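What follows is a single structure, written as structure tokens, with notes after it.
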Amino acid sequence: MSGMMQPLMGFVGNLGYVAVCVAGAVLTMNNMAEFSVIVAFMLYIRLFTQPLSQLAQAATSLQSAAAASERVFNFLKEEEMTNEAGAKLVRTSDFKGSVEFDHVKFGYDQGHTIIHDFSAVAKKGQKIAIVGPTGAGKTTMVNLLMRFYDTWSGEIRIDGHPINEMTRENVHDYFCMVLQDTWLFEGTIKENIIYSKKGVTDEMVIQACKAVGLHHFIKTLPQGYDTILNDQANLSAGQKQLITIARAMVEDAPMLILDEATSSVDTRTEELIQKAMDKLMAGRTSFVIAHRLSTIRNADLILVMKDGDIIEKGTHQQLLDQKGFYADLYNSQFEMA
């Protein structure tokens, strides 16, 4: 509507000019009006259409304001986050390693449940893979684990402490994340790897980059670790992903979340990233969301989700032997030779 308003007013104004010219020509030819009268009427048309175009401009601004205010009021209607005044603070250095989901139920909108009844236990150092079709609730489980949302019922416990009794910042300190989207900001490679971690030395950054196989590439850049990452920085998707893995290594949190971290790279780069992630996962409790089932064959426990419920659980071989939903998913990705 905003786009149509100005051309519409211009069309009405030009139509007025045409009407005056045609009517004036007819009247002049019949000796009923002089040329000066036609010029006067053209000026009148201009004076008449000027306020109309100003109204059109005002209408455009009002429509933009209406669209923006709809978003603002939707935001204001959102529920307030729960008060954390009495929340406990648990130090990450005391982490023993268990994460427990106890009959978790959740949905983003009231009346529309996504997670119906989710229960699982992860022990220290285990690699827990969550697989399933799109919309099964895999990323929702990560959102609940990070306490971006609170569960409707049931509990998520870290070392026996319910996370809804801990501060959100405290819960976030337990996790480092590598996501599908490689979120890099404009700054040096070193600043991107350090991110918000305090007390990180250059040596720690170099060690993390060597571990993920990125050190040699960075040294070939003109400014090395001080190279600015912006639109001109010629980095591949795999190299950007390796930077985020190095960032997670520097973060050194006791638990790790990997959400589709190799979905946007080719198979050879995926193998390189997979080796880097195996080093990152060593000794950490890891939660891996994957569509490529080749990346989670060595998981200690695979949870197969469908429509918000765990329908199968076990190791890769156990699930293949069951010849159920997971076996169908796996065989659809890999044809038998």
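Rule-based calculations on the coordinates, nothing more; no lab input. Every value quoted in this text rests on a predicted model; they were computed, and no experiment measured them. Using ideal geometry, Cβ is built from the backbone for each residue, glycine included, and neighbour counts are taken over all protein chains shown.
Tell me the net charge near Ala282. Cut-off is 14 Å between Cβ atoms, Ala282 excluded, with +1 for each Lys or Arg and -1 for each Asp or Glu. Don't skip to the end; give the middle numbers.
Numbers: positive: Lys124, Lys127, Lys275, Lys279, Arg284; negative: Asp252, Asp278, Asp300.
Counting the neighbours of Ala282, the net charge comes to +2.
What does the convex hull of the alpha-carbon atoms of the stretch 78-140 project to on average, in nm²? The partial results should precede the final answer.
Working: hull surface 26.0 nm².
Directional mean of the projected Cα hull area for the stretch 78-140 stands at 6.5 nm².
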Taking Lys306 as the anchor, which aspartates and glutamates have their alpha carbon closer than 14 Å to its alpha carbon, excluding any fewer than eight residues away along the same chain?
-> Asp117, Asp328
Amide H contacts of Ile130 (H built 1.01 Å from N, under 5 Å, at least 5 apart or other chain) | Val288, Ile289, Ala290, Leu303
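What is the diffusion coefficient of the stretch 2-77 in µm²/s, taking the Kirkwood radius over Cα pairs and the Stokes-Einstein relation at 25 °C with a viscosity of 0.890 mPa s? If you can, show how the numbers build up before the last one.
On the way: Rh = 14.9 Å.
For the chosen part, D equals 165 µm²/s.
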Quick calc: nm separation of the 7 Å Cα→Cβ label points for Ser153 and Ala65 -> 4.7 nm
Relative contact order as a percentage, the stretch 1-70, C-alpha pairs under 8 Å and 6+ apart, gives 53 percent
Roughly what angle does helix 237-251 make with the longest principal axis of the chain, taking Cα atoms, 0 to 90 degrees, to the nearest 10?
-> 60 degrees
In terms of the charge dipole of the chain, which places +1 on Lys and Arg and -1 on Asp and Glu at the beta carbon, the residue among Leu62, Thr315, Tyr17 farthest towards the positive end is Thr315
Between Gln223 and Asp278, take the C-beta separation as r, use R0 = 25 Å, and let me know the FRET efficiency to the nearest 0.05.
-> 0.25
So, in nm, how far is label Ser294 from label Lys210 when the simple model puts each one 7 Å beyond its Cα toward the Cβ?
-> 3.1 nm
Computed over the stretch 103-233, the relative contact order (Cα-Cα under 8 Å, seq sep at least six) in percent reads 18 percent
Mind sorting out which of (i) 1.00; (ii) 0.95; (iii) 1.25 is the real Rg/Rh (Cα atoms, Kirkwood Rh) computed from the coordinates?
-> (iii)
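If you put +1 on each Lys and Arg Cβ and -1 on each Asp and Glu Cβ, how big is the dipole of the chain around its Cα centre, in Debye rounded to 20? Spell out each step's value before the answer.
Numbers: 30 positive and 39 negative charges, 107 e Å.
Roughly 520 debye, rounded to the nearest 20.
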